[in-house]
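The values are calculated or read from the model by the stated rules, or taken from the named source; none is laboratory data. Bear in mind that the values here come from a model prediction, so they are computed numbers and not experimental data. Positions of Cβ are generated from backbone atoms using ideal geometry, with glycine treated the same way; all protein chains shown enter the neighbour counts. We work out accessible area using only protein heavy atoms, side chains counted, and drop any ligands, DNA or RNA first. Shrake-Rupley method; radii C 1.70, N 1.55, O 1.52, S 1.80 Å.
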Amino acid sequence: MKASGELKVEDLRVSFQTAQGTVRAVNGVGFVVKPGDVLGVVGESGCGKSATLRAIAGLTQPPGHIDGGRVEFDGRELTGLGRGGLRRILGNEIGFISQSPFGALNPILSIERQFRNVIKAHRRASARECREIALKALRDVGIAGPERVLDGYAHQLSGGMAQRVVIAMATVHNPQLILADEPTTALDVTVQRQILDLITGLIAESNRSMLIVTHDLGVVAQYCTRVLVMYAGQAVEEGTVDQVFRTPQHPYTQALLAAVPKVGGEIRGLQGGLPDLINYPSGCPYADRCPKATEVCVETRPPMVRAGQGRRTACHHAAGEVAGYAAARS
Amino acid sequence: MRSTLTYALKRLLLVPFMLFLIATLSFLLLALIPGDPAVLIVGEFADQETLARVRADLGLDRPFWEQYLTYLAAVAQADLGQSYLTGTPVMEEIGQRLPNSLVIIIPSLLMAVVVGTVVGTAGGYFRRGPVGKVTSVLISAAQGVPPFFLAIVLIYLLVFTIRMFPVPTGMLYSSMRPPPEVTGVVPLDALLAGQWSVLGAITAHAILPVIATGLFLASYFAKTVRTSVTQAMATPQVEFARACGLPERQVVRYALLTARTSVLTYTAVLFGVMLSATAVVEVVFSWPGIGAWALDGVLKGDLPIIQGFIVVTGGLVIIAYVVLDVLVAALDPRIRH
Ligand SMILES: Nc1ncnc2c1ncn2[C@@H]1O[C@H](COP(=O)(O)OP(=O)(O)O)[C@@H](O)[C@H]1O
Ligand code: SF4
Ligand SMILES: [Mg+2]
């Protein structure tokens, strides 16, 4: 019985111990991913997207440390499960797709061997059954000659093929939820689209859900149902793609969208940089870059405020439903 | 599989060339070292005539290049000359002593690989916990204690205090008669004669020197394995293995696969090092190996022994490297294909 499969993250905090001091990478992020949702997580590089994703899957490695928060999946708290309990969920109910397919695949074991290990991690199966399951999984991700891929090794695959193999492995047990960290950055544009079509296709089939980290707002616009904007380890705005892209309420989201020549491109040319994550600002982390910043912004951190229909913004001077903004951009 | 074979053949073709280089090197050594071998053989007070005769016997009155060619030709026929001082053929002596050294070197390398891999893996996997701290201390300690020192401590404790092991007087008990000579290699002759008690004696005598060298070598393996495992645990590969829900023991196995190449490389390197570094342990245990013998040759300036030792150990090291290279290639699909 695979139940609802809802992911609930509350007040997640992750830090890294470095020689310079404690880097506060994730500072109280919370959100919910419901079945059928495809949540896009966007934000500049270094704003804690990957750290959030890893923390959810219990993959945080030293010097990283989860300082607090709750991760609940399908009604179970993952944060308290320990390695063994988590292991039974990962790869089975939650699939994780890495950023670099060649980094993820083992270079020394054959693809078949790796598939067999992944399959046997969650069910009993003979070597022959494993091969059948793996062949089917490879066909499902659009690989034409799965036998050859299965008998080969990672280095014999192209980037696109390797990422298909990773996706096939990560989803071989039909997980309810897929976590994907920039799954296509290593690939060229046409392959990127194919891969994203593929993943979202897998989800749409059976009311599953996905959390996808990306810096490509075009990807969010095309494939996601909801979007979470992160800044300096905090969620600053969340809503449906339509809400957030049409009427961004947070100044950072507005800057982010303005930095993209047209919805469909990558984020670039933002002024300034992230605040110091070691001496984390006590007020709004965006204050030193924000054109709307006032004294209150520097002094107190704006809470994430609900604005109806699952829409949330963390800003003291959030723009309301400013119709004019969307109009000015179109 | 075929490509591995081609690869192996290509590597093997290099061996004669490298052996030639080593022979040249050892010849130059003879030529460049000051001192007159004739004086060493007949003594400082010999008259000019005798000295000249000895020089002529050794071919030292010939032009340099002719000496070089003669030497190469001899080496090519596995003739490494005779000891200046005892007159024994160097090749024969090496043939009898090298196996004795290997009786120590090979088991201690095996022990080192096993112990080093286990300790290094534990150290790398638990690097932040108490296990990691303890292994770290153990590794440093083992690296800091030279094998001969450990050997002396072991002899004191286990031989003279609790009498668990035989007195270190070579390979056999002093009361024991050596096996009938067939090959001249004592362990082999004992095997041929079916004298299990002799083989047992050799084993009993070998345990302490093997432990003394093995623990020292293990510390180096442990260190490389720990580094490799530590690095591997932080790779996306291990992360993905965990993300797929593989059991931790399999995750560690994935991490160890990356360490495999460095362990193999280290085995060949340390084999080479040990061939020349067993001398002190052999001396401590009166072990009739190649190291103690070569050391004696060096101290006495017996050049054919030194040259022969260089050529043979150099050749073995080259072969070990080639075998290793082929093994690594055969095990790694990225090279294999
Ligand atoms: N292993 C690490 N050691 C120290 N700091 C780290 C480490 N990994 C990430 N960080 C820090 O955590 C912050 C968030 O990183 P990350 O989650 O990778 O950002 P994103 O994925 O959004 O680009 C960054 O500022 C980075 O400097
Ligand atoms: S809280 Fe103030 S500084 Fe922060 S984004 Fe809003 S206006 Fe800008
Ligand atoms: Mg990232």
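Under 20 °C and 1.002 mPa s, how fast does region A:1-76 diffuse according to Stokes-Einstein, given a Kirkwood radius computed over C-alpha pairs? Answer in µm²/s, whole number. Provide the component values of the computation, followed by the final result.
Numbers: Rh = 13.2 Å.
The calculation lands on 163 µm²/s.
Report, for the protein assembly as shown, the % of DSSP beta bridges that are antiparallel, rounded to 5.
In the protein assembly as shown, DSSP labels about 65 percent of beta bridges as antiparallel.
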> Total Å² of accessible surface buried at the A-B contact, 1.4 Å probe, nearest 100?
Replying inline: 2500 Å²
>> What does the extension gain come out to for A:Lys292 and A:Thr240, with contour length at 0.36 nm per residue minus their alpha carbon separation?
In response: 16.3 nm
> Quick one: with all protein chains in place, what share of the accessible area of chain A is carbon or sulfur, to the nearest percent (1.4 Å probe)?
Replying inline: 50 percent
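Relative contact order for region B:59-198: what is it in percent, counting Cα pairs under 8 Å that are at least 6 residues apart?
With pairs under 8 Å counted, the relative contact order is 15 percent.
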> Which of the residues in region B:300-337 lose at least 20 Å² of accessible area when you go from the chain alone to all protein chains together (probe 1.4 Å)?
Replying inline: B:Pro333, B:Arg334, B:Arg336, B:His337
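Would you mind getting the accessible area per residue of the protein assembly as shown, heavy atoms of the protein chains only, 1.4 Å probe, in Å²?
On the way: 30810 Å² over 667 residues.
Result: 46 Å² per residue.
Quick one: if the Förster radius is 25 Å, what FRET efficiency do A:Lys136 and A:Lys8 give, using the C-beta to C-beta distance and rounding to 0.05? Write out the running numbers ahead of the final one.
Numbers: r = 32 Å, r/R0 = 1.29.
Working from the Cβ atoms, E equals 0.20.
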>> Could you tell me the calculated FRET efficiency between A:Gln156 and B:Leu13, based on Cβ-Cβ distance and R0 = 30 angstrom, to the nearest 0.05?
In response: 0.60
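At a Förster radius of 22 Å, what calculated FRET efficiency corresponds to the Cβ-Cβ distance of B:Val298 and B:Ala56, to the nearest 0.05?
Between B:Val298 and B:Ala56 the formula returns 0.25.
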> Within 10 Å of each Cβ of A:114-122, how many other protein chain Cβ atoms are there on average?
Replying inline: 4
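How much length, in nm to one decimal, is gained on full extension between B:Thr24 and B:Leu85, taken as 0.36 nm per residue of separation minus their Cα-Cα distance? All intermediate terms of the calculation are to be shown ahead of the outcome.
On the way: separation 61, 0.36 × 61 = 21.96 nm, distance 2.32 nm.
Extending this stretch completely gives an extra 19.6 nm.
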>> For B:Lys10, give me every one of the aspartates and glutamates with a C-alpha distance below 14 angstrom, ignoring sequence neighbours fewer than eight places off in its own chain.
In response: B:Asp325
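Figure the gain on full extension for B:Arg336 and B:Val137 (residue separation times 0.36 nm, minus the Cα-Cα span) and round it to one decimal in nm. Walk me through the intermediate numbers first.
Numbers: separation 199, 0.36 × 199 = 71.64 nm, distance 3.85 nm.
That works out to 67.8 nm of additional length.
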> Can you tell me the Rg and the Dmax, both Å, for the Cα atoms in region A:68-173?
Replying inline: 14.7, 46
> Are there trypsin sites (Lys or Arg not before Pro) in region B:137-246 that DSSP marks as loop and that have at most 12 other Cβ atoms within 10 Å, and which are they?
Replying inline: B:Arg163
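What trypsin sites (Lys or Arg not before Pro) does region A:94-126 have in DSSP loop regions with at most 12 other beta carbons within 10 Å?
Working: sites: A:Arg113, A:Arg116, A:Lys120, A:Arg123, A:Arg124; in loops: A:Arg123, A:Arg124.
Within region A:94-126, the qualifying trypsin sites (Lys or Arg not before Pro) (loop, at most 12 other Cβ atoms within 10 Å) are A:Arg123, A:Arg124.
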>> Tell me the relative contact order for region B:99-301 as a rounded percent, counting alpha carbon contacts under 8 Å between residues six or more apart.
In response: 34 percent
>> Give the lysines whose C-alpha is closer than 26 Å to that of A:Lys136, dropping any in the same chain fewer than 8 places away, or say none.
In response: A:Lys2, A:Lys120
>> Suppose each label sits 7 Å from its Cα in the direction of the beta carbon; what would the A:Gln17-B:Ile207 distance come out to in nanometres?
In response: 4.3 nm
>> Just to check I understand the Karplus step: with θ = phi - 60° and J = 6.51 cos²θ - 1.76 cosθ + 1.60, what whole-Hz values come out for region A:220-225, glycine and proline as x?
In response: 4, 4, 7, 10, 9, 9
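Please state the equivalent ellipsoid semi-axes for chain A: what are the square roots of 5 times the Cα gyration tensor eigenvalues, largest first, in whole Å?
Whole-Å semi-axes of the equivalent ellipsoid: 36, 22, 18.
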> When the accessible area of region B:206-337 is split by element with a 1.4 Å probe, what percent falls to carbon and sulfur?
Replying inline: 71 percent
> In nm², what is the average projected area of the convex hull enclosing the Cα atoms of region B:107-251?
Replying inline: 12.0 nm²
> So what's Rg/Rh here for the protein assembly as shown, counting alpha carbon atoms and using the Kirkwood radius for Rh?
Replying inline: 1.15
> Around A:Ser50, what is the net charge, scoring Lys/Arg as +1 and Asp/Glu as -1 over all other residues with Cβ under 12 Å from its Cβ?
Replying inline: -1
> Using a cut-off of 30 Å between alpha-carbon atoms, which lysines can reach A:Lys292, once sequence neighbours fewer than 8 places away in the same chain are excluded?
Replying inline: A:Lys49, A:Lys262
>> Which positions within region B:230-246 get 30 Å² or more of their accessible surface covered by the other protein chains, compared to the chain by itself, with a 1.4 angstrom probe?
In response: B:Pro236, B:Gln237, B:Glu239, B:Phe240, B:Arg242, B:Ala243, B:Cys244, B:Gly245, B:Leu246
